[in-house]
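The values are calculated or read from the model by the stated rules, or taken from the named source; none is laboratory data. Note that this is a predicted model, so its numbers are computed, not measured. FYI the Cβ positions are ideal-geometry reconstructions off the backbone, even for glycines, and counts take in every protein chain you see. Ligands, DNA and RNA are stripped out before the accessible areas are found, and what is left, the full protein with its side chains, is counted by its heavy atoms. Shrake-Rupley method; radii C 1.70, N 1.55, O 1.52, S 1.80 Å.
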Amino acid sequence: MMGTGQEHTVKAFDQDIKQLRALISQMGGLAEQALHDAMKALQRGDTSLADQVRGKDKAIDAIESEVEKLVVRLIALRAPMADDLREVIAALKIAAVIERIGDYAKNVAKRVPLIHTEGEDRIEALSLLPSMAQMASDMVHDALDAFASRDAAGAARVCQRDSALDDFYDSIFRTLVTFMVENPRTVSQVAHLLFVAKNIERIGDHATNVAEMVYFAATGRYLADEAAAA
Amino acid sequence: MTDTPHKMSARGVNVFYGNKQAVKDVSIDIDMDKVTAFIGPSGCGKSTFLRTLNRMNDTISSARVTGDITLDGEDIYSSAMDVVQLRARVGMVFQKPNPFPKSIYENVAYGPRIHGLAPSRAELDAIVERSLRRAGLWEEVKDRLQDSGTALSGGQQQRLCIARAIAVDPEVILMDEPASALDPIATAKIEELIHELRGRYAIAIVTHNMQQAARVSQRTAFFHLGTLVEYGDTDQIFTTPHEERTKDYITGRYG
């Protein structure tokens, strides 16, 4: 566990760190919401909800730049050391990753009108995607929880879940390809669904990256090194 | 760790002032090619320990030192050790610049002269110039070597004291908060000087300024309540300290 929970002698330092954590948590919440809404829009063919998701991405970008400014200021004014330094650097990198997750959610939303075209056939494979998205979303959520509670063990568990998500992706990929072969008229829509699945798989990779950074911030060690040593 | 023998080694060193123990069982090595920084809160024993390395504590009548300290494998507390010679080999620079109330030239020339290092005036001149150059002061004072050393600015005075320490050709230089009385520019010059001196001399520095320890040293030792809590590579101490007390201190959570 990082930190003794003891406060800094300079209280303003604690305020800054608290603010940084709040921004990351807010940003993570928005990214999770974006993915959730994008998937809902996809399932229902709700293009206005999809538009909203695309519009809200700017809010995530804005928080990312706020995190950047705060981190630069923290390093300049507080000269953080040890676990503080690792946490501040991790926050900066995590913000960039969450921003990417937001982009993937936006990309899913962008494909909604392309998948739900006039006179469409019902695409059965669509029903598989929400549970995959839920899995990725849970990983993001748990990685950010681990960040908030400085939980190295929790972060390590998130990383272990990535291979299950990859397997899920592989099986959806095969299902969608089979579906395309059997329903040639749906090829262009299902091709978009393949991208959606890929986006979700990438979100899982990013959640894993966040978890790895949380692990490093908490312990000062790299999870990959530990795994290699084990 | 390298295979080269340590320049100085301390093993199980204790220092007592009367009945009070100021340093408890400290073991540490000072290497030629590494600057070693001693950090810790006031009263942690770091300066007291530094002073054992050239027997400065001998001047305090109540102070008693036990344990082993060697310079090139030689016990510096043995009766065979000439203390004056030891202090020529292990020089010291203090917190407050303390030039002699003499000319700049004399401040540097004094040591080599009494140690008989310069038989002729020309050789003495050469030592003075070389020492002032190494201390990064030559260009600023070469045209006024006969001015009083005390007329220099604080930062210049401190570099003069470093030149004075260097002049007797020491092997180790101990610095006790050498920049804490200086402004940031003068401090930066001292830090740059420490970088340049590394390799030529083994250097140990006590500092209250953790950023300074991080900037100038390769090894850092954290002292607390007279004990050596943690000793390791500077980057490890400042990024991933092993001990909770070290971490609390360097992150500003101490007491």
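Taking 7 Å steps out from each Cα toward its Cβ at B:K102 and A:L194 produces label points 8.8 nm apart.
Overall dimensions of chain B, expressed as equivalent-ellipsoid semi-axes from the Cα gyration tensor (√(5λ), whole Å, largest first), are 30, 21, 16. To the nearest ten degrees, helix A:82-115 and the longest principal axis of the Cα atoms of chain A are 10 degrees apart.
Within the listed set B:G154, B:G136, B:G18, the residue fluctuating most in the Gaussian network model of chain B (springs between alpha-carbon atoms under 10 angstrom) is B:G18. Note on A:S163 and B:S120: the model spin-label points, each 7 Å out from Cα along the C-beta direction, lie 7.9 nm apart. Heavy-atom accessible area with a 1.4 Å probe sorts B:I76, B:I60, largest first, into B:I60, B:I76. Of all beta bridges that DSSP places with both ends in the protein assembly as shown, some 55 percent have antiparallel geometry.
How high is the relative contact order of chain B, in percent, with contacts defined as C-alpha pairs under 8 Å that are six or more residues apart? For chain B, the relative contact order is 27 percent.
Across peptide A:75-84, the mean count of Cβ atoms from other chains lying within 10 Å of each residue's own Cβ comes to 5. Past the 21 Å Cα-Cα mark, which pairs from B:K24/B:K46; A:K110/A:K198; A:K58/A:K93; B:K96/B:K189; B:K96/B:K247; A:K11/A:K58? Pairs exceeding 21 Å: B:K96/B:K247; A:K11/A:K58.
Ordering of B:118-128, A:65-75, A:84-94, B:45-55 by packing is B:45-55, A:84-94, A:65-75, B:118-128, highest average first (other Cβ atoms within 10 Å, averaged per residue).
Placing +1 on the Cβ of every Lys and Arg and -1 on the Cβ of every Asp and Glu, with nothing else charged, gives chain B a dipole about its Cα centre of roughly 580 debye. For chain B, modelled as a Gaussian network with Cα springs under 10 Å, which listed residue fluctuates most, B:A63, B:A167, B:A213? Comparing B:A63, B:A167, B:A213 in the GNM, the peak value goes to B:A63. The mean number of Cβ atoms from other chains found within 10 Å of a Cβ in peptide A:7-16 is 2, as a whole number. Whole-percent P(r), chain A, all Cα pairs, 5 Å bins from 0: 1, 7, 14, 17, 16, 13, 11, 8, 6, 4, 2, 1, 0, 0.
Listed by chain and number, the lysines whose C-alpha is less than 16 Å from the C-alpha of B:K142, apart from same-chain residues fewer than 8 away, are B:K102. For chain B, the 222 nm mean residue ellipticity estimated from helices alone, with every DSSP H stretch of n ≥ 4 adding -39500 (n - 2.57) and the total spread over all residues, rounds to -10000 deg cm²/dmol. Each chain gives up part of its surface: B and A jointly bury about 1200 Å² of accessible area, both sides summed, for a 1.4 Å probe. Out of the DSSP beta bridges found with both residues in chain B, what percent are antiparallel (nearest 5)? For chain B, the DSSP antiparallel bridge percentage is about 55.
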